[in-house]
Amino acid sequence: MMNPFPVGNPGRALGLSLVAAVLALSLPAARSADLNGAWRLDQPKEWGVTLHTYMVLHQKGGLTEGGIYPNGSGSIPIHGAHMDGADLVFTMDWGWNFRVRPEGANLHVVINYGADNTQEGTAVPVTEAVMWAPAAIPPPVVRTLPDNGLARTPPMGWNSWNHFAEQVDDATVRAAADAMVSSGMAAAGYTFINIDDTWEAGRDAQGNVVPNRKFPDMKALADYVHAKGLKLGIYSSPGPVTCGGYEGSFGHEEQDAKTYAAWGIDYLKYDWCSAGRIYGKEELRAIYQRMGDALEHCGRPIVYSLCEYGMGDVWTWAPAVSGNLWRTSDDISDNWKSMDNIGFSQGKLAPYAGPGHWNDPDMLEVGNGGMSPAEYRTHFSLWCMLAAPLMAGNDLRLMSDDTREILTNGEVIAIDQDSLGHEATRAYAKDGVEVWTKPLHDGTVAVGVFNRSHQAQAAAFSWAEAGIPVRAIGVRDLWRHEDLPASDGFKASVPAHGCVILKVTLVGVVK
Ligand code: GLA
């Protein structure tokens, strides 16, 4: 089954004002059998965790408005509510279709998430307090934390979310570690095996976070991954629940950091999610500082990955909370439009990247099936030009030759991992062709020629037009693995959605 919640959570980015507005629409729990008020639908999982989706409905003068709070997300407004016999039907932004009707004091609910994915159940009335508890814990005073010394080049590894979503377990993670080595990816520089959301169960009597049945022994799993020469990453949220609705670190930051250290965790992705129900954007930095501080004192080096979708100019303050990387966008999807939108809008963030601290345009979709090999080559090349973290998001056990060849192209990976740590910027654009350039530590320049248009383009430009006012004495094509004749510029046809990545050696100023 596909996880019903793998897509981006646009609602979580909404501010407290919208939350307050929606709450103002809700009524107390005691009510007659109508649809008004706040409702909770439980979703029990076979690994012993029950998730909750909340609905807030407000009926007035024949109209129904409201919001859905799927798991750890913020409010997603509903649309098109109308009666169909005794049922109220409506939809919401993620394309989910709802059919609800009173059933005694409860609501009978059918949610259709898309093809072959329907949930039917009973939603019980709840009060706002149940939805929104707990109250905020006052954020710490903002200060500058020390650099943790990690991630001098963009982190490389694998993350479970893009392919497996909630279907990740101990066996999946061990298999990913095995495949990381046997496929040659470890040799190409990939190190981290990162467990994303849905590993959590809850807390024990002492408040220690406990994994659910999918992960019987986290320490043993870390030992297994370490024995392969790899590192293990984990995921949490500063809110009470994660984006998937699982246990978050709210109020347990230090304790959780110590637990991760005791298990042997090497990387934490910390996802804002339900923290947005409690804190405003102006508190982002302080809240991320709280976990940065906890990691600094947990007794183990842990790479700190901030995931708050680029809110509050995170790139300006993330290094000051000991952040090694920070998401700059909402979630990527496995299609050209999503990748193109995110990847080509990163240029203005280049000044913020450097050794130890990286812009993160989200994890890779290479090999997940929604793009052509040419498009995946463009996706991978662009991420390398951007000095982005390279987190493969595919099933490493079942890679096609194309996928393996893309993910392990050492010449392109070297652009990503260049020790100077510069991020490419757009130097030239014409007819859908964009040229991005990135200076490298040895004085050469990486030049990415990308065709964003839907047809092949005859691209032709001089190095000077691409902002390189010097003569090229060596040009190497990093996908064809071939040296090209020295030239004053580039001239070639680039296929639709394709790219050419060059390493250009320069001398003198062009007259
Ligand atoms: C958010 C993040 C994703 C993933 C999911 C897990 O949407 O942006 O990368 O971690 O949560 O629920």
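The values are calculated or read from the model by the stated rules, or taken from the named source; none is laboratory data. Every value quoted in this text rests on a predicted model; they were computed, and no experiment measured them. When we count neighbours, we look across all protein chains shown, and the Cβ atoms used for this are built from the backbone with ideal geometry, even at glycine. The protein model used for the area step is the full one, side chains on, heavy atoms only, and it has no ligands, DNA or RNA in it. Shrake-Rupley method; radii C 1.70, N 1.55, O 1.52, S 1.80 Å.
Here are the numbers for the structure shown:
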| item | result |
| --- | --- |
| Label point distance in nm, residue 282-residue 34, each placed 7 Å from Cα along Cα→Cβ | 3.7 |
| Residue 498 long-range amide H proximity, modeled H, under 5 Å | 451 |
| Degrees between helix 284-296 axis and first principal axis of the chain (Cα, 0 to 90, nearest 10) | 80 |
| Residue 405 - accessible surface, heavy atoms, 1.4 Å probe, Å² rounded to 10 | 100 |
| Inter-centroid distance (Cα atoms) of the range 373-411 relative to the range 37-78, Å | 37 |
| Whether the range 23-131 is rounded, prolate or oblate, judged on the alpha carbon gyration tensor where a/c under 1.5 counts as rounded | rounded |
| 5 angstrom amide H check on residue 241, placed H, neighbours 5+ away | 248, 274 |
| Cα centre as origin, Lys/Arg/Asp/Glu Cβ charges: the chain dipole, Debye | 760 |
| Separation of alpha-carbon centers, the range 225-242 and the range 85-153, rounded to whole Å | 24 |
| log₁₀ of I(q)/I(0) at q = 0.09, 0.13 Å⁻¹ - the chain, Debye sum with one point per alpha carbon | -0.67, -1.24 |
| Calculated diffusion of the range 425-506, Stokes-Einstein form, Kirkwood radius summed over Cα pairs, 20 °C and 1.002 mPa s, µm²/s | 171 |
| Three-way shape label, the range 156-416, alpha-carbon gyration tensor, a/c 1.5 | oblate |
| Length-normalised contact order of the chain in % [C-alpha pairs under 8 Å, at least 6 apart] | 12 |
| Beta bridges per DSSP with both ends in the chain, % antiparallel, nearest 5 | 80 |
| Unpaired by the 4.7 Å Cβ criterion, cysteines found in the chain | 298, 307, 384, 499 |
| Prolate/oblate/rounded call for the range 64-193, Cα gyration tensor, a/c under 1.5 rounded | oblate |
| For the range 307-364 versus the range 191-219, the gap between their alpha-carbon centres in whole angstrom | 26 |
| Accessible-area composition of the chain, carbon plus sulfur, in percent [1.4 Å probe] | 54 |
| Restraint check, 281/337; 228/258; 231/258; 219/269; 231/438, Cα-Cα greater than 20 Å | 281/337; 228/258; 231/438 |
| Rounded to 5, percent antiparallel among DSSP beta bridges of the range 121-233 | 35 |
